[in-house]
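Reviewing the structure listed below.
Each value in this text was obtained by applying a stated rule to the coordinates, not by laboratory testing. Owing to the predicted nature of the structure, the values given are computational and were not obtained by experimental measurement. Methodologically, a virtual Cβ is constructed for each residue, glycine included, from the backbone with ideal geometry; neighbour enumeration extends over all protein chains shown.
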Amino acid sequence: MSDVLVLNRSFYAVQVTSWQRALTLVYLNHASVVDQEYRTYSFEDWRELSAMIHENPAGYVTTPQFKIAMPEVIALKLYDRLPATDVKFTRRNLYEHYHYHCCYCGRKFTTTELNLDHVTPRSRGGRTSWDNIVTSCIPCNLKKADKTPAEAGMKLLIAPTKPHWRSNLAMMMRSPVKVRTSWQRFVDNAYWNSELEKE
Ligand SMILES: [Zn+2]
């Protein structure tokens, strides 16, 4: 089934969610359905409109009581925070940031040949953050194990850095989420990769 683009109150795209969650938010009156003309609808309005739409590109949800058109975009009513301009701390973004290179040997690998490595091991208080996580190939990862680079006799060829937020757009566009044409006008600020948990 389809994903739904979520806007905040200022109509900034803030995330992508499942249609189930989207409809729940609308049903609970926490969000409105947004159409292509930027009109907003409550659950009841949308349900009534659904009965009149003969072709909805995203399809319909049918319950014993009614048939409702799948929304493609919703706008939150309560949430008003602007999206963070930071690049999300995700595995994908880390791989992208280091261009699929192992930061220890400097060679390029495929996704399946790479791992994430805590430069200062977690057991020594190393944090899970941009400044302590690098991409590493499996052999380098095994060699380093639970040691600091110095202890393992290894040197980082690529130092850990935090990406500039501008690269976010490029990363977003490589996201596996399929960008619906109906989202185009809203997506400039969308960040739909889920964030890794920071410590
Ligand atoms: Zn390596």
> In what sequence, highest mean first, do 138-147, 55-64 appear when ranked by Cβ atoms within 10 angstrom?
Replying inline: 138-147, 55-64
> In Å, what is the Rg of the alpha-carbon atoms in the range 91-144, and how long is Dmax?
Replying inline: 10.4, 29
> Karplus couplings for the range 112-117 from phi (6.51 cos²θ - 1.76 cosθ + 1.60, θ = phi - 60°), rounded to Hz, Gly and Pro as x?
Replying inline: 6, 8, 10, 9, 9, 10
>> I'd like the FRET efficiency for I53 and S10, computed as 1/(1 + (r/R0)^6) with the beta carbon distance as r and R0 of 22 Å, rounded to 0.05.
In response: 0.20
> How compact and how long is the range 7-107, expressed as Rg and Dmax of its alpha-carbon atoms in Å?
Replying inline: 18.6, 61
